[in-house]
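Accompanying notes for the structure given below.
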Amino acid sequence: MSNITISSKANFQRALYGLSLESDQKSSLQAQLIEALRGIISSSPTVAGARLPASRVLAQELSISRTTVQAAYDQLTSEGIFIARQGSGTFVANEISHLATRPLSAKRAVARVEPQPIRSFQTGLPDHSLMPHKQWAGHLERAWNDPEPRLLATPDPLGWYPLREAIADHLDAWRGMICDPEQIVITSGAREAFELVFIGLLGGGRDVAVEDPCWPKMRSALSDTGSTAHPIRVGPEGLDAHSIPACATAIVVSPSRHYPTGTSLPLSRRAALLDWARKENGLVLEDDYDSEFRYRGQPLPSLSGLDGLRHTVYLGSFSKLISPSLRIGYLVVPLESLAVVRSYLHRVSARASLVPQPALASFMHSGEFAIHLRRMRRIYGARQKHLLAELAPVSDLLDLQADPSGMHLCTPLTAKLSQAASDIEISTAAKSGKLQVEALSSFSVLPDPPEGLLLGYAAFNEAALSHAASGLMDILWSFSRNGMQ
């Protein structure tokens, strides 16, 4: 018997027990049952030969008399739809072609959406093979095999408190930021964080300065909160606070490592940004998405650490550190904003799943998380060096500079290559060759955007990077040759 047949007959049993008969209808219960049985069988011809429940069993399930069920069975047996076998029970006839079946064209054909495969040079992805899966599974099992009573109680909308404690310890050790666990809010990701800040905290309808180029989904998330984004061009030294428009009451920045250019904001410009926030009573939302991956020098101080969380809100994520599928991020908010944030979350409810939170808390408290980060940082740093070495033959076409941090390279086009092709044209050609190379200019909305290529390396081993680099170099050489003709 095929799996399809087994599944079809299981569905037949579920359909029988799911019948709903109404005693206040004009037709009798017996007539309703006969019509319902005909309908189930005519719409599922593959149930031919299926055994029906005993009349007593079906009567109990449908809360009707056994006499009614038996009368319906007898009627359909007389029509040749059922066959009664003495000592064995009642079965759907093997030949039921005389029933009017529903045409296949009447079924709605819905194409299944398959997940997109990971392609070489895709940015923002960690290497999932580096995750200590057995240890992580152990933390999940210990948390839920015998859950403590707090896990089964009404959850705190700000998130699982032991996880907030672990995050506070992590920020102290890795980002030089002192905060109380009460200031930390667990979120389901950046979009919920933007809603919490720009609707829950600021009330919506704000004028918000943003970096340009920037993460496109951030602009759409701001728009969804009713806020208006005002782009400011990011130069070689990052965003200049003096360019913030007078109408802006908040700004979203990624000072430790700007996305997508990789620029770090110098200390002088950080101080100027905080000076703007103090003078204008503005709010700085610091998006610190992958600052743990720094390969040279000391980590730059976070804006929120410099500010003491007075005019700043810190946004962190585990998407780059563990996996995007975890759907766990967090905000660190000023103490005086806690009451407003908690009130908002009580109204709308938090969206972050509680299931992984206790496991993540114990993973962090055990020290395994820090070991995992250090290992990833070492491997990612080696992969960046390998990619730069592989691309050395096209150093006359791409400005190849080592990046002290991050998970991708942003490589500007040299004058020689930019005369032959735009970054959009190169990106299109690369994608047709199954290389997920993004064009820097596509992240910008201001005129005359910078041009370059984004090359993610964190998620790919050295063999994959070598193969991808070879394919990209062929594309670049092709454009260069054609441009010289």
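Values quoted throughout were computed directly from the atomic coordinates according to the rules given, and no laboratory measurement underlies them. Computed from a predicted model, the values in this text were never measured in an experiment. Backbone-built Cβ (ideal geometry, glycine too); neighbour counts: all protein chains shown.
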(message) Using Cβ contacts closer than 10 Å as the measure, can you line up S422, S337, S302 from fewest to most?
(response) S422, S337, S302
(request) Just tell me the longest site-free run in the chain, where the sites are trypsin sites (Lys or Arg not before Pro) in a DSSP loop having at most 13 other beta-carbon atoms within 10 Å. (result) 113-295
(request) With a cut-off of 15 Å, note down the residues of the stretch 359-400 whose backbone N falls inside the zone around a label point 7 Å from the Cα of Q298 toward its beta carbon. (result) none
(request) Given a cut-off of 25 Å, name the pairs among K134/K434; K320/K431; K385/K434; K217/K320; K134/K385 whose C-alpha atoms lie farther apart than that in the structure shown. (result) K134/K434; K134/K385
(message) Please arrange S23, S243 by how many other C-beta atoms lie within 10 Å of their C-beta, fewest to most.
(response) S23, S243
(request) Work out which helices of the chain, taken as complete DSSP H runs, extend at least 30 Å along their axis over the Cα atoms and score a mean Kyte-Doolittle of -1.0 or more, then list them. (result) 368-390, 462-484
(request) Treat every Asp and Glu Cβ in the stretch 257-299 as -1 and every Lys and Arg Cβ as +1, leave all other atoms uncharged, and give the resulting dipole magnitude about the Cα centre to the nearest 20 debye. (result) 240 debye
(request) Report the one residue of G138, G381, Q298 whose Cα lies farthest in the direction of the positive end of the charge dipole of the chain (charges on C-beta: Lys and Arg +1, Asp and Glu -1; origin at the Cα centre). (result) G138
(request) Please state, as a whole number in µm²/s, the translational diffusion coefficient that the Stokes-Einstein equation yields for the stretch 371-484 at 37 °C and 0.692 mPa s, with Rh defined as the Kirkwood radius across alpha carbon pairs. (result) 226 µm²/s
(message) About the Cα centre, and with charges only on the beta carbon of Lys, Arg (+1) and Asp, Glu (-1), how big is the dipole of the stretch 339-435? Nearest 20 debye, please.
(response) 580 debye
(message) Using Stokes-Einstein with the Kirkwood hydrodynamic radius over Cα pairs, what translational diffusion coefficient do you get for the chain at 10 °C and a viscosity of 1.306 mPa s, in µm²/s rounded to a whole number?
(response) 59 µm²/s
(request) Provide E148, E79 in ascending order of the number of other Cβ atoms located within 10 Å of each residue's Cβ, fewest first. (result) E148, E79
(message) Among A271, W215, L465, whose Cα projects farthest towards the positive end of the dipole of the chain, with charges put on the beta-carbon of Lys, Arg (+1) and Asp, Glu (-1)?
(response) L465
(message) Could you tell me which residue out of G89, H408, V348 lies farthest along the dipole of the chain toward its positive end? Charges go on the beta carbon: Lys and Arg +1, Asp and Glu -1, centred on the Cα centre.
(response) G89
(request) Would you calculate a helix-derived [θ] at 222 nm for the chain, using -39,500 (n - 2.57) for each DSSP H run of n ≥ 4 and dividing by the full residue count, to the nearest 500? (result) -12500 deg cm²/dmol
